[in-house]
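Remarks on the structure that follows.
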There are 2 protein chains.
Amino acid sequence: YYSTTACPHVAQSSPEKDLRATAADLVVQLSTSLKTKPDVVDFGTVFTDHMLTVEWNANDGWQTPLIRPFGDLSLHPACSALHYAVELFEGLKVYRGDDKRLRLFRPLLNMERMSKSAERACLPAFDQSELLGCIKRLIEIDQDWVPHLGPACLYIRPTFIGTEPSLGVKKPNRALLYVIMCQAGSYFNTELSLWADPKYTRAWKGGTGDCKMGGNYGGTLFAQLEAGSYGCQQVLWLYGEDHQITEGGTMNIFLHWINEDGDEELATPPLDGTILPGVTRQSILDLARKWDEFKVLERYLTMGQLCSALKQQRLKEMFGSGTACRVCHIGSIVYEEKNLQLPNQDKHSLSSRIATELTDIQVSR
Amino acid sequence: YYSTTACPHVAQSSPEKDLRATAADLVVQLSTSLKTKPDVVDFGTVFTDHMLTVEWNANDGWQTPLIRPFGDLSLHPACSALHYAVELFEGLKVYRGDDKRLRLFRPLLNMERMSKSAERACLPAFDQSELLGCIKRLIEIDQDWVPHLGPACLYIRPTFIGTEPSLGVKKPNRALLYVIMCQAGSYFNTELSLWADPKYTRAWKGGTGDCKMGGNYGGTLFAQLEAGSYGCQQVLWLYGEDHQITEGGTMNIFLHWINEDGDEELATPPLDGTILPGVTRQSILDLARKWDEFKVLERYLTMGQLCSALKQQRLKEMFGSGTACRVCHIGSIVYEEKNLQLPNQDKHSLSSRIATELTDIQVSR
């Protein structure tokens, strides 16, 4: 499965400048003391033994990629990521199949989205397949960390930060791309409760909501705490005067319902610049379109439409999707001082069917 | 001028938890090799010999503040500032007066704004006057870095980052507050040219535009580069269908004009959640109100109103304000395929008068 290239390296040039190509190959420094692997942990708290780092600077371009023992980064205190959030990340998972082979789930989609985020963040371009080659090598080295049982998996977090050591607000001349991996654990265990209030907005037209940039997340914690004070786990992010449904927490949102015209439909908000183009979102759309059993639409959905559908018993299910949570049934929404109870999940729910199909793809095809 | 408290320390408790108060005082580790001070440098590129760091964690609260030789930070690669932009900063300046004494310009306003940013970012509360005490001690130690000549000064950058070593998107349990100082150099030398296009939005209702959080900045670099491709230095950020004028680059914006009713007026957009409450902005409003020579208003201003005023020769001057740039005359705006030439600056321009008054306050009162 893995690239047979002995030493893949992240390629060479920023599109806007003729940079020295790094001929050097991936360098591997193995850790001399491997960690014990704990059994069950929270998402994103226990990391593997190694990490990948690749430095870039505007004069010399990409440097030799390095796999080294997992450890702290040494960063200049004026580093542009720490002041101006010149930073982005990706999230993908590697599964151990029934046949014991390791499989990444559609990793090129993550590389492509990471490239788009990098462009938007004014970080340099990188060769997507070379980076993926480096990531595969890292997984290979830490492969014992990929769980052997069930649908468990290892979560991979490519991260890309500006490291310009200056306080001017400008395109950085230095950057660091690094990849860490952690136990995925369980993200949400039960069905989700969401809190919907138009007073907070996650993303907006002309902003960065369609890129996986750090700045999209830090501003959301405050609303998440307020959701907690209403007994809800996450925020359902609304947009505009008509309270459009956009995302839930860090998930894309799907409605499975009988639409206004009486047709069965699976719907999710369109990629209009405020929605993160989720890999799981796309996979669900692809799957459902392949089934061809009901309408599958990218369309605007408002809280008004949801409430009508609920009242008229046209809502079949609402669920979220994301790499971390996969597919997550939504049980209730607190909105305009009402606690909306949504249809329950059972084995016939679309989210159950989709979860099963995705697992099949992830571990056995 | 400086607090006579021997060892100020950042105080003790997060409001939501009874934390152990750190009785320990500020610890100072002096650098054994001081740097040479270069003559003229770009803003924010040359840092002083020391820095202040104060760690916080949810269990033990604030730790002993430390002044130590300026150097790299060691950060966990999953640190929440690097992934989710749980980070904020402040900017203030220290001036050496004609009487050789050092003066900070309205530092409590910065401490207050920093507290508000921290609340919005879900970072812990801190004691504003204790932090200011630590900053004064840092300045004292590096006081030779404050220029002796003219209006030059030292720029102080308090920074506050989440350091939770986990990938869950949540309120961090660890944080680091640090302060670095750098030569201010010259920020903008000449009058500014701005590029105004509604396709990018800096901030929006329900977001974080009124806080100095990192995420407000990283997303703006892309538009800044596009401004450059139109021959402009900065972006004039517009908002909404009616193209409201909000900020320019990282500055607040002022219009000095004869308003629609024929009255002389100094106007700047109101603090409606999308505008950073600038310390210089507030100082200019205070000054102009004290003069009581013309109307001074916080009001919405649209590009349409600006264009009408320009056509009818009612515009006297447009300028920006900020700690880094102080007061900066705006010479032209590229908007809807026109290059709007604004009235020139001369010694009678309001921006010249304000700059002189501010300098007087900063170096001699």
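When you restrict to C-alpha pairs under 8 Å that are six or more residues apart and normalise by the size of segment B:245-297, the relative contact order lands at 33 percent.
For the protein assembly as shown, the equivalent ellipsoid derived from the alpha-carbon gyration tensor has semi-axes of 44, 32, 25 Å in decreasing order.
Annotation: Cα Rg of segment A:112-155 relative to the compact-globule expectation 2.2 N^0.38 Å equals 1.52. Looking down the axis that turns chain B into chain A, the chain B residue with its beta carbon nearest that axis, and the gap rounded to whole angstrom, comes out as B:G215, 1. Counts of other chain beta carbons within 10 angstrom of each beta carbon in peptide A:33-43 average 1. Between this copy and the others, label points of B:R68 are 1.9 nm apart in ascending order, each placed 7 angstrom from Cα in the Cβ direction. When the alpha carbon gyration tensor of segment B:192-363 is reduced to an equivalent ellipsoid, the three semi-axes, largest first, read 23, 19, 16 Å. Sorted on the mean count of surrounding Cβ atoms within 10 Å across their residues, most packed first, peptides A:260-270, A:233-243, A:105-115 read A:233-243, A:105-115, A:260-270. Using R0 = 25 Å, the C-beta based FRET efficiency linking A:T190 and A:L149 works out to 0.70. Sorting A:59-68, B:216-225, B:304-313 by their mean Cβ neighbour count within 10 Å, with the most densely packed peptide first, gives B:216-225, A:59-68, B:304-313. Given R0 = 30 Å, the distance between the Cβ atoms of A:R353 and A:D272 translates into a calculated FRET efficiency of 0.60.
Given a Förster distance of 22 angstrom, what is the FRET efficiency for B:D98 paired with B:K290, based on the Cβ-Cβ distance and rounded to 0.05?
Values: r = 22 Å, r/R0 = 1.02.
In this case the efficiency is close to 0.45.
What value, in deg cm²/dmol to 500, does the helix sum -39500 (n - 2.57) over DSSP H runs of n ≥ 4 give at 222 nm once divided by the residues of chain A? Calculated mean residue ellipticity at 222 nm is -7000 deg cm²/dmol.
In terms of overall dimensions, the C-alpha atoms belonging to segment A:23-184 reach 50, 33, 31 Å along their principal axes, ordered largest to smallest. The equivalent ellipsoid that matches the C-alpha gyration tensor of segment A:223-265 spans semi-axes of 25, 12, 9 angstrom, in descending order.
A point 7 Å from Cα along Cα→Cβ stands in for A:D99, and the other copies hold the same point at 8.3 nm, listed in rising order.
Cα convex hull, segment B:265-337: 112 Å³ per residue, rounded to a whole number.
Among A:K212, B:K295, B:K338, B:K171, rank each residue by its count of other Cβ atoms within 10 Å, from fewest to most, as a rough exposure measure.
Going from least to most buried by this count: B:K338, B:K295, B:K171, A:K212.
Per-residue mean of foreign Cβ neighbours for B:172-179 is 1 (Cβ atoms of other chains, 10 Å radius).
By its C-alpha gyration tensor, with a ≥ b ≥ c as the square roots of the eigenvalues, how is segment A:118-209 shaped: rounded for a/c under 1.5, else prolate for a/b larger than b/c, else oblate? Oblate, since a/c reaches 1.5 and b/c is not below a/b. Take each residue of peptide B:53-62, count the partner chain Cβ atoms within 10 Å of its Cβ, and average: the result is 0.
Going by neighbour counts of Cβ atoms within 10 Å, the residues A:S74, A:S193, A:S332 line up, fewest first, as A:S74, A:S332, A:S193. Its relative contact order, with pairs defined as Cα atoms under 8 Å and 6+ residues apart, puts chain A at 17 percent.
We did not get these values from a lab; they are worked out from the coordinates using the rules stated. Model, not experiment: these values are computed from the prediction. Neighbour counts are summed over all protein chains in view; Cβ atoms, including those assigned to glycine, are modelled from backbone coordinates with ideal geometry.
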